[in-house]
Amino acid sequence: MLRNATCGELTLSDVGKKVTLAGWCQKLRNLGSLVFMDLRDRYGITQVNIAPELYEKVKVKSEYCLQVIGEVVARSEPNPHLPTGKIEIVAEEINIFSKSKVPPFIIADETDALEDTRLKTRYLDLRRPVMQKNLEIRARLLKASRDYLEALNFLEIDTPTLIKSTPEGARDYLVPSRTKPGKFFALPQSPQIFKQLLMIGGFDRYYQIARCYRDEDLRADRQPEFSQIDCEMSFVSREDVLQVIEGLVSNMFEKVIGYKLPKFERISFKDAISLYGSDKPDMRFGMLIQDVTDILTKGEFKAFEGKRVKAIVVPGYADKCSRKVQSKDIDLAKKYKTHGVSFFKVVGGNVTGSLSKFYEQSQLNLLLARLDLKDNDLVIVGADENEDKMNVALGALRLKYGRELGLMNPDVFAPCFVIDWPIFGEEDGKIVSLSNPFTRPRDEDLKYLDSDPTKVLSYAYDTVINGSELSSGSLRIHDGKLQQKIFELLGLSDDEIKNRFGFFVDAFNYGTPPHGGFALGVERLTMLMAKTENVRDVVAFPKNLSAVDTMCEAPSSVPKENLDILGIQIKEND
RNA sequence: GGAUCAGUGGUGUAGCGGUUAACAUGCCUCCCUGUCACGGAGGAGAUCGUGGGUUCGAUCCCCAUCUGAUCCGCCA
């Protein structure tokens, strides 16, 4: 037996027991004729009292992996900050399993190393309690989701990860085929098509913890490979699916972090954009975007003419809003391809600011009343021909100030469903898909399919908590004719449809049940529960922003012979 | 594809035309019987990301390049 207790469990009631612990030497405190060692494992830290003679013999150092045999004793001076702080082990024997080089950074929650450094020796970084806690949250929420879904009769079925490339949406990761040189598999961006085929195959409730791959640029919350709790159900209404999502997510929060989520709000896509300036609204705080077009286009200020004018109010911020701050905000708004924003301040009950001179007092009073302005409030105003662009820009500013004013409390979770998404958008006069092409249009909107497709809303739904898109899903089309029609509206020719989705379209001719589902982002969920804004904190071995694993140095070159077998030649750099 | 910020001992930072390149921490040696961010004394450790330029002189200014972070585009 290499150990019979962990470093996190011993208490005063264990005093007198002889125990064997195993772990890593976290810290040594050598007082001369008395040496203390903090021994660390996954469960905690236990102090070991080592006699100088024993210490001389074993010569323990930082991060040595070792075993301690000794008696549990009560400490004469307990440490109230440590769960095991009332006891220590008097070492009788120390066996070193293996030595360690001096680690490149301090292995503790409060490490001062930058992430880049930590990633190069991730296995050391993973020893840090906070990383172990994060990965434990991840494991526990997966377990909770399995338990919940299994109880509802969902069947776990895995789907292939070497699949047909169907260029649409995200860029595929490609895998060359050896048996068919010159041809490629793609790694799945999601199991979408397969889970729908499972519905046709009669598995009315399917789920899977699915690995997904997207070869797109990364972000702090985006990795090229990630996991989804993927579900699909047959013979369901939108309401049925939303119930499952709400139940599942609430159950996970309760089981994993003991948080009771409130009932999920519902908001239409349209309202989310116009009130929050985002399709993933953070509902922990207000500061909603308001329409002031009728008031502010009536003045002498020509630049607002013919545009939609929208505003947010930052309470009590007028005196903090220097010229520098303003110019930063203008730049932020311009990032979203707007003309920028302007500022009003409320001073002594009056609306002031460089634009105020363009307006009559009566109009400014209207503004005071409409926005319910108080002294020292800051009003950020933007105008644009394209209302949604300005909404999105103001939405970004809303988040900036929400953060700054401490309104985004990480201990509070505000869930909502964003529903009624449009199916089509317009880009350069062309109809483009805004969702996946299998999303089912609302029955009441089918009549617009020919006349004005952009008016057609769908049975799609996103789950959003604290501004993070946790899941997205929809009812799917189950009628072959309607599916064909959607493909046509997207400008796909019969040949293209046949090439990309032929097998899928064929399947629809054999009795497709009405179905729908969703996919929950595992990393996003874990990030919320672990209260981190960085995906890499909840992935054991992540890629950096260039999609590189700096520890393994992947991707890498491969020998020419391997390429020859695949019929691949690398183009020389020009 | 674009924007911004940052690369200085192992680690994290300071310095921003002339410095013995500073501080903290880690590491090594010695002292220390109750530490838990132990304490004390001493020591080693840096071609200041790379290449070019400006200058009498560059870690510092300029250009290029590489690397990292964050955002926009992108992510059906």
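The values are calculated or read from the model by the stated rules, or taken from the named source; none is laboratory data. What you see is a predicted model; the values in this text were computed from it and never measured. Backbone-built Cβ (ideal geometry, glycine too); neighbour counts: all protein chains shown. In case anyone asks, the SASA skips ligands and DNA or RNA and just uses the protein heavy atoms, side chains included. Shrake-Rupley method; radii C 1.70, N 1.55, O 1.52, S 1.80 Å.
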- Item | For the range A:20-36, 3J(HN,Hα) per residue [Karplus equation, 6.51 cos²θ - 1.76 cosθ + 1.60, θ = phi - 60°, Hz, x = Gly/Pro] | 10, 10, 9, x, 10, 6, 7, 6, 10, 10, 9, 9, x, 8, 7, 10, 10
- Message: Could you work out how much longer the chain between residue A:400 and residue A:328 gets when fully extended? Use 0.36 nm per residue separation minus the Cα distance between them, nm to one decimal.
- Response: 24.8 nm
- Putting +1 on Lys and Arg Cβ atoms and -1 on Asp and Glu Cβ atoms, find which of A:414, A:259, A:322 reaches farthest to the positive end of the dipole of chain A. A:322
- Query: In whole Hz, what ³J(HN,Hα) sequence does the range A:327-337 give by Karplus (6.51, -1.76, 1.60; θ = phi - 60°), x for Gly and Pro?
  - Reply: 5, 5, 5, 4, 4, 4, 5, 5, 4, 9, 6
- Identify all aspartates and glutamates with a Cα-Cα distance to residue A:183 below 15 Å; exclude those on the same chain that are fewer than 8 residues away in sequence. A:172, A:564
- Task: Take the Cβ-Cβ distance between residue A:451 and residue A:90 as r, set R0 to 56 Å, and report the resulting FRET efficiency rounded to the nearest 0.05.
- Result: 0.10
- What list of ³J(HN,Hα) values in whole Hz, one per residue of the range A:94-107 in order, does the Karplus curve 6.51 cos²θ - 1.76 cosθ + 1.60 (θ = phi - 60°) give from phi, with Gly and Pro shown as x? 10, 10, 8, 6, 7, 7, 9, 5, 5, x, x, 8, 6, 8
- Note on the structure: Surrounding charge for residue A:373, neighbours by C-beta under 15 angstrom, Lys/Arg +1, Asp/Glu -1, total -1
- Message: Give the lysines whose C-alpha is closer than 19 Å to that of residue A:86, dropping any in the same chain fewer than 8 places away, or say none.
- Response: A:17, A:18, A:27
- Full extension between residue A:569 and residue A:9 adds, at 0.36 nm per residue less the Cα distance, a length in nm of 195.8 nm
- Accessible surface, 1.4 Å probe, highest first, among residues A:268, A:471, A:98: A:98, A:268, A:471
- Rounded to the nearest 10, the angle in degrees between the Cα long axis of helix A:480-489 and the longest principal axis of the Cα atoms of chain A comes to 70
- Note on the structure: So the angle from the long Cα axis of helix A:238-257 to the longest Cα principal axis of chain A, reported in degrees to the nearest 10, equals 30
- Task: Order A:119, A:399, A:457, most accessible first, counting only protein heavy atoms with a 1.4 angstrom probe.
- Result: A:399, A:457, A:119
- May I ask you to work out the translational diffusion coefficient for chain A at 4 °C, viscosity 1.567 mPa s, via Stokes-Einstein with Rh from the Kirkwood sum over Cα pairs, reported in whole µm²/s? 46
- Task: Could you compute the FRET efficiency for residue A:99 and residue A:34, with r as their C-beta to C-beta distance and R0 at 25 Å, rounded to 0.05?
- Result: 0.60
- Note on the structure: Too long for a 21 Å Cα-Cα cut-off, among A:345/A:374; A:324/A:400; A:195/A:543, are A:195/A:543
- Query: Roughly how many Å² of residue A:435 are accessible to a 1.4 Å probe, to the nearest 10?
  - Reply: 30
- Note on the structure: Rounded to one decimal in nm, the spacing of the 7 Å Cα→Cβ label points at residue A:132 and residue A:561 is 4.4
- Only helices counted: for chain A, with every DSSP H run of 4 or more residues adding -39500 (n - 2.57) and the sum spread over all residues, [θ] at 222 nm is -8000 deg cm²/dmol
- Task: State, to one decimal in nm, how far the label point of residue A:235 lies from the label point of residue A:350, with both points 7 Å from Cα in the Cβ direction.
- Result: 7.2
- Item | Residue-level accessible surface for residue A:300, protein heavy atoms, 1.4 Å, Å² | 120
- Lysine pairs with alpha-carbon atoms under 23 Å apart, the range A:263-320, spacing 8 or more or separate chains: 9
- So between residue A:546 and residue A:56, what do we pick up on full extension, going 0.36 nm a residue minus the alpha carbon distance? 171.6 nm
- Near the amide H of residue A:113, under 5 Å away, which other amide H atoms are found, from residues 5 or more places off or on another chain, if H is placed in the peptide plane? A:106
- Taking alpha-carbon centroids only, the range A:99-137 lies from the range A:333-387 a number of Å equal to 48
- Message: As a test question: what accessible area, to the nearest 10 Å², does residue A:9 have when a 1.4 Å probe is rolled over all protein chains in place?
- Response: 100
- Acute angle (nearest 10 degrees) that the helix A:494-507 long axis makes with the longest principal axis of chain A, alpha-carbon atoms: 60
